[in-house]
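Report on the following structure.
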Amino acid sequence: MPVGFLEGVGYLLEHYWPLFLRGLGTTLLLAALGTIFGFILGMGLATLHLIPKSPQETRLQQVGRLLAKGFSRLYIQIFRGTPMMVQAIIIYYGAMRLWGSWPALLAGIVVVSLNTAAYIAEIIRAGINAIDKGQHEAARSLGLTYGQTMRRIILPQAIKNVIPSIGNEFIVNVKDTSVLNVIAVTELFYNSTSISMTFYRQFEVFFITSVLYFIITLLATAFLNGVDRRLGVRSVVGIPTSATVPFPTHREDPQ
Amino acid sequence: MNQPLLSLQNIWKSFHGVPILQNIDFEVYPGEVVCLIGPSGSGKSTLLRTINRLEEPDEGELYFQGVPQLHSHTDVNVMRTHIGMVFQSFNLFPHLDVLANCTIAQQLALKRPAMEADLIARQYLTKVGLEAFIHAAPASLSGGQKQRVAIARALAMNPTLMLFDEPTSALDPEMVGEVLSVMQALAKEGMTMVVVTHEMGFARQVGSRICLMDGGKIVESNPPQAFFTSPQHPRTQAFLAKLLR
């Protein structure tokens, strides 16, 4: 391998592009599936959190409601309160211990989905809370049930408003799936490490890696801004920060 | 006299220990137009919202068409389909066009087929003079138009009772008239209405009974002629005196 920086980069691209590309593909797969499943699970968690108190509530219904709310809170607290890298190890090796070996890629998808669900649940909950309560009252005054009101009146508005934040979660996932190298998921970071181990030329290898990450997040940002403009919602400004820091669009409730 | 359409008995309601409704007895007979007036915080809106149970009273019973609603297993949603409500802030559904605003509850709550709901919605939108706007987004309408859509949305359910919660308070002065005239036409057709309002002219002309509320109680309840010309209660006299000044 040549000694100079540019020559080194050129050499690596020439000989290792398939490995970089495969890593990038896995990273995108993890980020996309993680965001989609995270969205579905996050909807469920937000729903559990927001089950309303009915006026003629029986004792059993009350216990069920509080348990659901407690579970949702605890789940969100745990997954936002621990690093995804640690979650990956616990889930991958924990499940392996209980049920035997399983593919690291599958484990990676599970980890990202479970982690993203916690963040998206909070985004959706904030989105629902941000809808004027007059919407709820108008729907209920017309005889719609709570479920119909949520599905047909509140959620369509709330989801539209939080699409930029969901897009942010995808971009965050593109970057944060790099931690899955600890369970040997062959995403971009893991493959880059492998290549760099061959030559001990970390700088050149990770220069390429960072450019690839950057291109993807840049494209995703541009795409999402386009989507937001079409939907007529406020636009994302730039590439967001890491998921380990709660995003400013999350409206925290005082607990 | 015939059966009251609506009857509230011994209704108590407080928010965080502050009493808002104190032992309210209130009846509405078919065809009546009852106007609730009074100072802010007197409990007018809370009383109105108790009628369709957007607020649950702490004590008392609510009869609708003779059926007790609170201490039984009647479905609140069934009662609500019979009671239309119009809000101060319109509360149109912004993600649906004008027509869909008027059909969604017909389809979901009354299970009317789409074609029938569509027909009925168009009929009431025509009635409020908005047939040209059926595919408009609510955001593109003026305040007066929004409120007329809200009235059509409620009427499309073919309610037996209409509740109005300060329907003109959020409107530009020029748009108050168009909403009041729709309400007046409705009253003329014999619709039973309970209206929380600050529009004394409307109360006087259209109301069949005026109730003054103060401190969570109905202080005086009389036909407009008696209410405005010979108020009985000193609180009513004071209220009217301030209005005239």
Average beta carbon contacts from partner chains per residue of A:128-138, 10 Å cutoff | 4
Heavy-atom accessible area of chain A with neighbours in place, 1.4 angstrom probe: carbon+sulfur share in percent works out to 69 percent
Heavy-atom accessible area per residue of chain B, all protein chains kept, 1.4 Å probe, expressed in Å², is 43 Å²
Of the options A:Thr35, A:Val110, A:Val174, report the single residue whose Cα projects farthest towards the positive end of the charge dipole of the protein assembly as shown (beta-carbon charges: Lys, Arg +1; Asp, Glu -1).
-> A:Val110
Student exercise, chain A dipole from Lys, Arg, Asp, Glu Cβ charges, in Debye to nearest 20 = 1020 debye
Whole-angstrom gap from segment B:163-185 to segment A:166-193, using each part's C-alpha centre = 58 Å
Using only protein heavy atoms and a 1.4 angstrom probe, determine the accessible area buried between A and B, summed over both sides, in Å² to the nearest 100.
-> 1900 Å²
A:Val211-A:Trp102 pseudo-label distance in nm [points 7 Å out on the Cα-to-Cβ vector] | 3.8 nm
To the nearest whole number, what is the average tally of beta carbon atoms from other chains within 10 Å of the beta carbons of peptide B:74-83?
-> 3
Nearest 10 degrees, 0 to 90: helix B:114-127 Cα axis against chain B principal axis = 60 degrees
Expected vector for segment A:41-54, Karplus 3J(HN,Hα) from phi with 6.51, -1.76, 1.60 and θ = phi - 60°, integer Hz, x for Gly and Pro, equals 5, x, 4, x, 5, 5, 4, 4, 5, 10, 3, x, 7, 8
Protein-only accessible surface order, largest first, of A:His15, B:His95 at 1.4 Å | A:His15, B:His95
If you line up the long axis of helix A:84-99 against the longest principal axis of chain A, both from Cα atoms, how many degrees apart are they, to the nearest 10?
-> 80 degrees
Near A:Lys133, which aspartates and glutamates are there with a Cα under 14 Å away, not counting those fewer than 8 places off in the same chain?
-> B:Glu55
Cross-link pairs beyond the 28 Å C-alpha cut-off, checked among A:Lys53/B:Lys111; B:Lys44/B:Lys111; B:Lys146/B:Lys217; A:Lys53/B:Lys44 | B:Lys44/B:Lys111; B:Lys146/B:Lys217
Restricting to the protein assembly as shown, compute how many DSSP beta bridges are antiparallel as a %, nearest 5.
-> 55 percent
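The values are calculated or read from the model by the stated rules, or taken from the named source; none is laboratory data. Since this is a predicted model, take the numbers as computed values, not measurements. Virtual Cβ from ideal backbone geometry, glycine too; neighbours counted across all protein chains shown. For accessibility, only protein heavy atoms count, side chains too; no ligands or nucleic acids. Shrake-Rupley method; radii C 1.70, N 1.55, O 1.52, S 1.80 Å.
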